[in-house]
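To start, the structure itself, in structure tokens.
The values are calculated or read from the model by the stated rules, or taken from the named source; none is laboratory data. In this text, all values refer to a predicted model and were calculated from it rather than measured experimentally. No Cβ is skipped: glycine too gets one built from the backbone with ideal geometry, and neighbour counts run over all protein chains shown. Quick note on the areas: whole protein, heavy atoms, side chains included, nothing else; ligands and nucleic acids left out. Shrake-Rupley method; radii C 1.70, N 1.55, O 1.52, S 1.80 Å.
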Amino acid sequence: MGLDRFSLVSRNVVEIVTIDELKKVLREKDHPRAYIGFEPSGLVHIGWLIWMNKIRDFLEAGVETFVLEATWHAYINDKLGRNMDLIRASARLVRKVMDGIGVNVSCIKFVDAEELISDKDYWELLIKSAKHTTLARVKRALTIMGRRVGEAETDFSKLIYPLMQIADMFYLDVDIALGGTDQRRAHMLQRDVAEKLGYKKVVGIHTPLLVGLMGPGRRMDVGTSGDELLIDIKMSKSKPETAIFVHDSPSDIRRKIRKAYCPPRQIEYNPVIDINKYLLFSQPGFKLYIDRPEKYGGSVVVEEYSELERMYANGELHPLDLKNATAEALIKYLEPVRRKIEADREATYLIDLLSGRETR
């Protein structure tokens, strides 16, 4: 028997604001409207597969789903050298990756931010939103774009970004806003402004962020915390050494995971553990096969993530054994999308273009 609508929409997330509101939306609407906005900002790393898998759940649950290709948002955020041709190329690549992992892209309503900003009604919503919040509140929301509060002092356009995100939600008239935990402040700001304007408040659904392969390092030692730590340590395409890309070769995946931060017994901020928790064990029926010599405990099959966490926290599993098993499982997990990309001439062209190996 399949999962009910609420279970599909709510699984593999870290927060729902609020659960009661989500249940009400699903109860009262056959096809509620949901959206996620993403900045087309380069190659696609495995952290993005978390929200792409969630989109698949939405579609299965009968949720009308909008994917906003936030091209002008990426421009404001200085992505890809503010080259709009590259930004749009990145958006095309994201669609191909979604198709490659089995998301039915024909059922998604893709929207380019160009469509929104070309409509005067969008700017009316943005201005109304600006009139009902404060400069301090907007500055605090800059973490949604991976920026610190002070960065708006030298680039005023950064202050428009959170207001654009609010206007996106109002303009698309969505019931549900999907995003990583780094988008929470935008969703909460929308809910606050919506209440003042008498508009619909979105239900915020927040997915986990994958820790970058280098982990937190000394940032934990010096007391960096909260949103700033999140900015520093999440997997990022702008820091290639922290990321595994969906098109990476098996040898690249093995090499990157072998070098990854993975302290013995440590669960929190451990990227190898995160890959298991949020990607591998999210697959129905997944089992992690750990191949090791008898003198180190022999081979073992881990059937539940909770068991893996317990074993690792108790020191029953060596970091190298975990890394080797994770690398092989991830290679298998990515094989379908990698093969589809390799067989798609436009996809390989886009990867070369965004990697700087191809020019127009």
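Give me log10 I(q)/I(0) at q = 0.09 Å⁻¹ for the chain, Debye formula, one equal scatterer per alpha-carbon, no solvent.
-0.52
Any chance you could list the semi-axes, whole Å, largest first, of the equivalent ellipsoid that the Cα gyration tensor gives for the range 174-217, using √(5λ)? Mind showing how you got there, number by number?
On the way: eigenvalues 164, 21, 4 Å².
The equivalent ellipsoid of the range 174-217 has semi-axes of 29, 10, 4 Å.
How charged is the neighbourhood of E115? Take every other residue with its Cβ under 15 Å from the Cβ of E115, and add Lys/Arg as +1 and Asp/Glu as -1. Please list the in-between numbers first.
Working: positive: R88, K109, K120; negative: E69, D112, E114, D119, D121, D168, D173.
Within the 15 Å Cβ shell, the charges total -4.
Expressed in whole Å with the largest first, what are the equivalent ellipsoid semi-axes of the range 35-132 derived from the C-alpha gyration tensor as the square root of 5 times each eigenvalue?
Numbers: eigenvalues 114, 69, 24 Å².
Each semi-axis is √(5λ); the values are 24, 19, 11 Å.
Where a Cα-Cα gap under 24 Å defines reach, which lysines qualify for K23, not counting those fewer than 8 residues away within the same chain?
Answer for K23, where 24 Å is the Cα cut-off: K54, K109, K196, K200, K201, listed by chain and number.
Treating the Cα atoms of the range 87-135 as identical point scatterers in vacuum, please give the log10 of the normalised Debye intensity I(q)/I(0) at q = 0.15 Å⁻¹, two decimals.
So the normalised log intensities work out to -0.62.
Quote the charge dipole size of the chain about the Cα centre in Debye, to the nearest 20; the model charges only the Cβ of Lys and Arg (+1) and of Asp and Glu (-1). Write out the running numbers ahead of the final one.
Values: 55 positive and 53 negative charges, 87 e Å.
Roughly 420 debye, rounded to the nearest 20.
Per residue, how many Å² of accessible area does the chain show with a 1.4 Å probe?
Numbers: 16700 Å² over 360 residues.
Normalised by residue count, the accessible surface of the chain is 46 Å².
Between H132 and E335, what length comes free when the chain is fully extended (0.36 nm per residue of separation minus the Cα-Cα distance, one decimal in nm)? Kindly include the intermediate steps, with their values, before the conclusion.
Working: separation 203, 0.36 × 203 = 73.08 nm, distance 4.82 nm.
Using 0.36 nm per residue and subtracting the Cα-Cα distance, I get 68.3 nm.
Counting only residues 5 or more places away or on other chains, whose amide H sits under 5 Å from the amide H of G204 once H atoms are built in the peptide plane?
Close amide H contacts, sequence-distant or interchain: V17, T18, A177.
Run the helix sum for the chain: -39,500 (n - 2.57) per DSSP H stretch of 4+ residues, divided by residue count, reported at 222 nm to the nearest 500 deg cm²/dmol. Before the final figure, lay out the partial values.
Values: 16 runs with 173 residues, N = 360.
Calculated at 222 nm, the ellipticity per residue is -14500 deg cm²/dmol.
By per-residue mean of other Cβ atoms within 10 Å, what is the highest-first order of 122-130, 16-24? Don't skip to the end; give the middle numbers.
Numbers: 122-130: 18.1, 16-24: 15.2.
Ranked by mean Cβ neighbours within 10 Å, highest first: 122-130, 16-24.
What is the Cα centroid distance between the range 1-77 and the range 277-326, reported in whole angstrom?
Going from one Cα centre to the other spans 29 Å.
Summarise the accessible area of the chain (1.4 Å probe, protein heavy atoms) by the percent that is carbon and sulfur.
Details: 8340 of 16700 Å².
Using a 1.4 Å probe with all protein chains present, the chain comes out at 50 percent carbon and sulfur.
Can you work out ³J(HN,Hα) from phi for every residue in the range 193-198, in order, using Karplus 6.51 cos²θ - 1.76 cosθ + 1.60 and θ = phi - 60°, giving whole Hz and x for Gly and Pro?
Those phi angles translate into 5, 4, 5, 5, 8, x Hz.
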